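The next block holds one structure in the form of structure tokens; read it before the comments.
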Amino acid sequence: MTGAEPEILIEANDGLGRITLNRPRAINALNHTMVQAMAEALLEWSTDDAIRAVLVTGAGERGLCAGGDIVSIHHDAKTGGTGSRDFWRDEYVLNAAIGRYPKPYVAIMDGIVMGGGIGISAHGSVRVVTERSSLAMPEVGIGFVPDVGGTHLLSRAPGELGTHVALTAGRMTGGDAIALGFADHFVPSELLDKFVAALGAGTVDDAIAEYSRPAPESPLLAQQHWIDVAYAADTVEEIVAALRGTDIDEAHVAADTIAAKSPVAVKVTLRSLRHARQLDTLEEVLNEEFRVSVASLASHDLVEGIRAQVIDKDRTPAWNPPTLVDVTPADVDAYFQPLGDLELGLAAPEGDV
């Protein structure tokens with residue numbers, strides 16, 4: 001009788017270090033063990049002259065990675081455990097390492113890529129999407145705030161497109177992902193096997209040149225004219241009012257969507273995005289995200305959001321505070337307080353920004 005399948009497959013051949021997330025029934029959701037295994041492999045390969053490049057993929061047909069294991073986070077949040085805090089620490093350190101990896105880091109972002117899946121792919125140097133790609137940072141829907149360096153990426157998207165995606169938990173197509181800076185290349189899914197074979201047979205540049213195709217149009221980019229105007233406001237209340245004040249149907253849908261999310265989470269998210277724009281490095285952003293994530297672990301809305309969306313699946317969270325106007329500046333400030341000895345403490349390499 002064979003044992004259970006390993007949750008992550010790590011192998012090296014043809015000069016390629018391959019990491020395959022192997023939890024297809026959970027859309028390859030990340031847990032702490034998987035993060036640690038990835039970090040160990042990447043560290044080893046970084047100085048191995050036999051490894052030319054790294055390739056990250058997800059098992060199954062549904063996607064690269066649906067995010068972190070939020071059921072475990074729910075348990076920690078309810079019981080006051082520290083497992084999620086330890087997980088986030090190692091996960092964010094991994095995200096930073098991916099962002100500065102010294103060799104080509106090829107992530108195939110086929111299918112669903114959300115939350116933690118963004119963290120292990122969108123900071124890489126070669127990010128590939130397909131016509132099946134569906135990317136999102138959906139944290140505000142569970143009373144959480146975009147993390148894994150997500151606010152770094154979202155804050156640097158054209159105009160206010162990243163703010164729109166973050167506050168609505170909206171999904172990005174492959175074309176959107178390239179337009180917003182989450183991906184670099186489009187490879188049709190029917191060519192992925194040949195693309196991967198080419199990575200093992202030659203250089204990353206040659207594989208991209210042979211199998212990438214022009215990026216599809218971005219539906220989000222086509223809506224930037226009204227998104228930039230509405231989301232330029234200073235507060236979430238003003239953003240929602242601006243969205244409702246237009247005659248654009250998509251803007252009204254966005255307003256209703258934001259109003260249904262965790263009020264405190266969307267306000268914290270807006271501040272996180274605005275501050276991330278002022279920070280120079282991914283490491284600085286991750287340090288602040290860690291503060292926000294640790295504070296979220298003690299919040300009502302994280303427990304309630306995961307309960308409503310994943311545990312009971314009734315889709316009717318009872319947020320507290322219940323509305324945007326009920327969320328005070330002090331409520332938001334509480335998410336950004338220093339952690340003392342618990343700070344993440346990442347720093348960019350000296351002389352590098």
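The values are calculated or read from the model by the stated rules, or taken from the named source; none is laboratory data. All values reported here derive from a predicted model rather than from experimental measurement. Note that each Cβ is placed from the backbone with ideal geometry, even for glycine, and that neighbours are counted across all protein chains shown.
When residues in segment 68-101 are screened for being modelled with pLDDT under 95 and outside any helix (DSSP H, G or I), 5 of them pass. On the given criteria, is ASP301 of a type in the set (D, E, K, R), crowded, with 20+ Cβ neighbours inside 10 Å, over 16 Å from the mean Cα position of the chain (by Cα) and closer than 25 Å to LEU339 by Cα? For ASP301, the condition - of a type in the set (D, E, K, R), crowded, with 20+ Cβ neighbours inside 10 Å, over 16 Å from the mean Cα position of the chain (by Cα) and closer than 25 Å to LEU339 by Cα - is met. Look at GLY68 and say whether it is closer than 20 Å to GLY124 by Cα, crowded, with 22+ Cβ neighbours inside 10 Å and in contact (Cβ under 8 Å) with a residue 12 or more places away in the chain. Yes; evaluated as a whole, the condition is true for this residue.
Assess whether THR57 counts as being among the hydroxyl-bearing types (Ser, Thr, Tyr), in contact with a strand residue (DSSP E or B) (Cβ under 8 Å, 6 or more places away or on another chain), outside any loop (DSSP other than H, G, I, E, B) and surrounded by 21 or more Cβ atoms within 10 Å (Cβ to Cβ). Against the criterion (among the hydroxyl-bearing types (Ser, Thr, Tyr), in contact with a strand residue (DSSP E or B) (Cβ under 8 Å, 6 or more places away or on another chain), outside any loop (DSSP other than H, G, I, E, B) and surrounded by 21 or more Cβ atoms within 10 Å (Cβ to Cβ)), THR57 qualifies. Being under 14 Å from ILE142 (Cβ atoms) and hydroxyl-bearing (Ser, Thr, Tyr) is a description that does not apply to SER272. Starting from residues that are hydroxyl-bearing (Ser, Thr, Tyr) and assigned to a loop (DSSP other than H, G, I, E, B), keep the ones in segment 304-353 and report whichever is surrounded by the most Cβ atoms within 10 Å (Cβ to Cβ). Per the stated criteria, the residue is THR328. Give the residues of segment 234-258 that are among the aliphatic types (A, V, I, L, M) and more than 22 Å from ALA330 (Cβ to Cβ), sorted by residue number. ALA241, ALA242, LEU243, ILE248, ALA251, VAL253, ALA254, ALA255 - these are the residues of segment 234-258 that are among the aliphatic types (A, V, I, L, M) and more than 22 Å from ALA330 (Cβ to Cβ).
If I filter segment 76-108 down to residues being over 22 Å from ASP206 (Cα atoms) and of a type in the set (Phe, Trp, Tyr), which single residue comes out as nearest to the chain's Cα centre (by Cα)? In this case the residue turns out to be TYR92.
Look at (1) without any contact (Cβ under 8 Å) to a residue 24 or more places away in the chain; (2) part of a helix (DSSP H, G or I); (3) within 16 Å of PHE336 (Cβ to Cβ); (4) of a type outside the set (Val, Ile, Thr) and you find that GLN278 fails only one, number (2).
When we screen GLU217, GLU190 for residues that are out of contact with any helix residue (DSSP H, G or I) (no Cβ under 8 Å at 6 or more places or on another chain), over 21 Å from ASP256 (Cβ atoms) and acidic (Asp, Glu), the only hit is GLU190. Only one entry of ALA255, ALA276, ALA298 meets the criterion of being at pLDDT 95 or above and either within 30 Å of GLY80 (Cβ to Cβ) or of a type in the set (Asp, Glu) (or both), and that entry is ALA276.
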